[in-house]
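Rule-based calculations on the coordinates, nothing more; no lab input. Just so we're clear, the structure is a prediction, and the values are computed from it rather than from any experiment. Every residue, glycine among them, receives a Cβ derived from its backbone with ideal geometry; neighbour counts consider all protein chains shown.
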């Protein structure tokens, strides 16, 4: 599916592809060993709490939570590869903030001299604060990667979410797209009676549920539309799912 078709399926306005280009940009400069050399004021605001000031001379990993460090290391490695594109890009959930990170390798006359880390805080584009009884923010859109770009898809257009290691795959418009947020993190920020965990590897949007079948002792939920699947329902989730659907 082309980007403009995906955007139309997700209910985007005509100028949505320019949203990221209008966001304030945070810049962090790293040396060849990934240590923070300097940063912009907007980057300090994104990370907050004086984290960047305290990280000067230290590895950029020191300001990221444990679960995000492998992602950042992979991102820098991608930028370092000779055959990579001009920049490497990834989403980071930290954990109540959604960042798009881009890394560009910097070079001098001899070799690589370091890296430029570019930060877009897309939290306000993707989520809303919840009430005081619920932690975190409720997702309005889920950021996905396609053709080297980040696209924000309305959650009500998503048929299902599938675990992909520490990340996720998002089914929208009949195709699966990569999302840099884990399934557990997505589950915590979606409406629990609409986006239901049915298996350790799947969350389904009940608006697209078409039927429930049982083969031997295994339940399956069928999703309609062009992402039609029989999704396995684990025993631990079957009772609640049947209660929600009244079957």
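Any idea how far apart residue 106 and residue 80 come out in nm if each label point goes 7 Å out from Cα toward Cβ?
Using points 7 Å along Cα→Cβ, the separation is 1.7 nm.
Using Cβ counts within 10 Å as a stand-in for footprinting exposure, how do 170, 37, 196 rank, fewest first? Walk me through the numbers before you get to the answer.
Numbers: 170 26, 37 13, 196 22.
Exposure proxy ranking, most exposed first: 37, 196, 170.
Most exposed first by the Cβ proxy, i.e. fewest other Cβ within 10 Å, how do 72, 98 rank?
Working: 72 20, 98 28.
Placing the least packed residue first, the sequence is 72, 98.
Using 0.36 nm per residue, how much length does the chain from residue 166 to residue 187 gain when fully extended, once their Cα-Cα distance is taken away? Working shown, then result.
Working: separation 21, 0.36 × 21 = 7.56 nm, distance 1.34 nm.
Gain on stretching residue 166 to residue 187: 6.2 nm.
How far, in nm, would the chain grow between residue 210 and residue 230 when pulled straight, counting 0.36 nm per residue and subtracting the alpha carbon separation?
Details: separation 20, 0.36 × 20 = 7.20 nm, distance 0.98 nm.
So the extension gain works out to 6.2 nm.
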